[in-house]
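Have a look at the structure below, then the notes.
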Amino acid sequence: MADHPLFAVDIVTPDAIIWSGQAEFISARTTEGEIGIYAGHEPLMAALATGAVQIHSDDGVTTVGLHGGFLQIFQDQVTLLTDRAEITEGGRAEALRLADELAALALDAGEGA
């Protein structure tokens, strides 16, 4: 990745902080479509759709499957709040498969979609 300024990222569930660190770029799926985030992004709140989040950092690309939630961007801090999320060992396709599993678990638990 090109040398872009870093910004803080936290992916948080009710049980744990799934990922926390500095990133150059994030891509996520909102209910309105895909979003790409670099440092200096305008403040924003959005509803997250079930899907994959890719975090580009100095350590490479981390892919997370998650089941919905909310995204907040404010002063170079990005926070993703979700009821269920897991880091995947595979890429985007594996994260999408995992996100579908997390959504099915939520439905089984009576949490809705």
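What to note about this one:
- For Gly65, the requirement of being within 22 Å of Glu101 (Cα to Cα) and small (Gly, Ala, Ser) is met.
- The stretch 30-50: number of residues that are modelled with pLDDT under 95 and either among the charged types (D, E, K, R) or under 28 Å from Asp3 (Cβ atoms) (or both): 0
- Of all residues in the stretch 7-35, those being touching a residue at least 60 places away in the same chain (Cβ under 8 Å), surrounded by fewer than 18 Cβ atoms within 10 Å (Cβ to Cβ) and not β-branched (Val, Ile, Thr) number 3.
- Residue within the stretch 2-12 that is modelled with pLDDT under 95 and in contact with a strand residue (DSSP E or B) (Cβ under 7 Å, 6 or more places away or on another chain) present: yes
- Restricted to strands (runs of 3 or more DSSP E) entirely inside the stretch 1-91, those with at least 2 residues that are over 29 Å from Ala104 (Cβ atoms) and out of contact with any Leu (no Cβ under 6 Å at 6 or more places or on another chain) are 7-12.
- Scan of the stretch 36-83 for residues that are within 16 Å of Pro14 (Cβ to Cβ), surrounded by fewer than 20 Cβ atoms within 10 Å (Cβ to Cβ) and not aliphatic (A, V, I, L, M), ordered by number: Phe70, Thr79, Asp83
- Glu34 falls short on exactly one of the conditions (1) under 14 Å from Glu86 (Cα atoms); (2) under 14 Å from the mean Cα position of the chain (by Cα), and that condition is (1).
The values are calculated or read from the model by the stated rules, or taken from the named source; none is laboratory data. Nothing here was measured: the structure is a model prediction, and the numbers come from that model. No Cβ is skipped: glycine too gets one built from the backbone with ideal geometry, and neighbour counts run over all protein chains shown.
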